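Chemist: My questions all concern the structure below.
A short reminder: the numbers here are calculations on the coordinates, not readings from a lab. What you are looking at is a predicted structure, and each value in this text was computed from that prediction instead of being measured. Quick reminder, even Gly has a Cβ in these numbers, built from the backbone with ideal geometry, and neighbours come from all protein chains shown.
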Amino acid sequence: MDIQDERTRLLHGEEGGDGDPTGLMSEQDAYLSKVKNRNLYLATFASVLGPMSFGFVLGYSSPAIPALGRIADPRLRLDADRASWFGSIVTVGAAAGGLLGGWLVGKVGRKLTLMFCSLPFVFGFVVIVAAQNVGMLYVGRVLTGVASGVTSLVVPLYISEMAHERVRGLLGSCVQLMVVLGIMGVYLAGLYLDWRWLAICSSIPPTLLMVCMCFMPETPRFLLSQGRRREAEEALRFLRGPDAPVAWECARIENACNQQGSGFQMSDLKDPGVYKPLVIGVMLMIFQQMTGINAIMFYAENIFEQANVPDSNLASVIVGLIQVVFTGVAALIMDRAGRKILLIISGVLMAISTTALGVYFYLMAKIHSTSSLGLADIQSQAGVEPHADLAWLALASVAVFITGFALGWGPIPWLVMSEIFPSKVRGVASAACVLTNWSMAFLVTKNFQDMMVRLTSAGTFWLFASMCVLNVIFTIAFIPETKGKTLEQIEATFRGASGP
């Protein structure tokens, strides 16, 4: 069909009208009024089995480490140092996976990269199940970490390039929602399964990912960047339904791809449409990790124990449930409230809660007259009466922090990363963001104990509070609102805007 004829049909009369009183509407609105989202939701569900697998990897260490610490076989037993590496070595693999994923998405496409990442997930858990020594446990964790790194890059890209602007926020937020569902799922399974059976259970989502993605299309933007227009139209027809005139959207995307050229070159870093979103994407990842999320999650069980909650495993499930509920809330309101306002609200809530946690640790240290303000000293006084008096402050602070993180700084950095980069540099720029995120996660996790000693417990959480204040300022000053905009419109915003 001729593109001009299609444009005319979109702009005029009852074909484009959906209750429009003037009989005229924008091309974009007219097009979207004909779109059916059923297959788009189906493709999104298939792809987010990857983040669910990623969540199983992140959550696996929580129930597995205590079990492996008690195991009779000395070749597998984890002492404190080994347990620390078992938990954190995933981030090293994930950083490598981010680089690998950035290369793969440009070479073989989003779909095949997503299918590929299911292999190290499964192989990693198989190695853990068959482990005869601690080295094999580490290898399994590194493999699942590599898969997690690839997944954290490719799934947001896959969804953003499939989804249209009316539902991109909702569907993009499902990435983080499935991560926290995976974490909660493995916490629940850990109540009933030993560490080997838990690893077998954790290999189910990536297996389903491989199978389901066989029936899903490649993204239209990648296909058009490769000059495969016919396949791109077929993919759009699958994603938008039979009534949508996909030739119009295909032509719009193709025009943007032709203007960009193909392939990343170092000279592209001089382009404001590249370096501005790259700076924003990298800073979002740094600020996400510097909010203290890993520290809070690491010490959540200890804080619940201090508050005399009888079952610390149940406490982990409660924390996971809070994450799931409020990440779901964020997904539902993302395309109405907007990314920027949710980041601001999230940052403010986390700043308040980490400040309050710092106050809690400061008061506890004062009460017990400790010479060192570390958590170990506080734990040694767990039975003292003032503990119960302050328990509410710790519990409320953790709950508010998890709520705030789930509303904004959990899902949105990944969503924005998938929206802001031009197609030709999307793989390379996203790889830089993923590498930054996982490298920061490793640094914060490994250095957290030293921070607690040198800065004290209170000082450490006040540092996190100050970082939350900075991320609010950064959001207000530099992050543009991407709600309701096409990926091409977002790119144009960066080319014409002032900022970093």
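Chemist: Given the peptides 472-480, 73-81, 459-467, arrange them by the average over their residues of other C-beta atoms within 10 Å, most packed first.
Modeler: In descending order of packing, they fall as 459-467, 472-480, 73-81.
Chemist: If one computes P(r) from the Cα atoms of the stretch 32-216, what percent of pairs lie at distances over 20 Å? Could the numbers behind the result be given before it?
Modeler: Details: 8792 of 17020 pairs.
For the stretch 32-216, the share of Cα pairs beyond 20 Å comes to 52 percent.
Chemist: Continuing with the same structure: Test of understanding: what is the full-extension gain from residue 453 to residue 258, defined as 0.36 nm times their sequence separation minus their Cα-Cα distance?
Modeler: Result for the pair: 64.7 nm of gain on full extension.
Chemist: What FRET efficiency comes out for residue 119 versus residue 352 if R0 is 30 angstrom and r is the Cβ-Cβ distance? Round to the nearest 0.05.
Modeler: Between residue 119 and residue 352 the formula returns 0.10.
Chemist: Between residue 42 and residue 367, with labels modelled 7 Å along Cα→Cβ, what's the label distance in nm to one decimal, could you check?
Modeler: With each label point 7 Å from Cα toward Cβ, the separation is 5.7 nm.
Chemist: Here's a follow-up. In nm, give the distance between the simple-model label positions of residue 26 and residue 214, each being 7 Å from the Cα along the Cα-to-Cβ direction.
Modeler: So the label points at residue 26 and residue 214 sit 4.2 nm apart.
Chemist: List the extent of the Cα atoms of the stretch 435-500 along each of their three principal axes, largest first, rounded to whole Å.
Modeler: Taking the Cα atoms of the stretch 435-500, the three principal extents are 48, 24, 20 Å.
Chemist: Taking residue 276 as the anchor, which lysines have their alpha carbon closer than 22 Å to its alpha carbon, excluding any fewer than eight residues away along the same chain?
Modeler: Cross-link targets: 340, 424, 483, 485.
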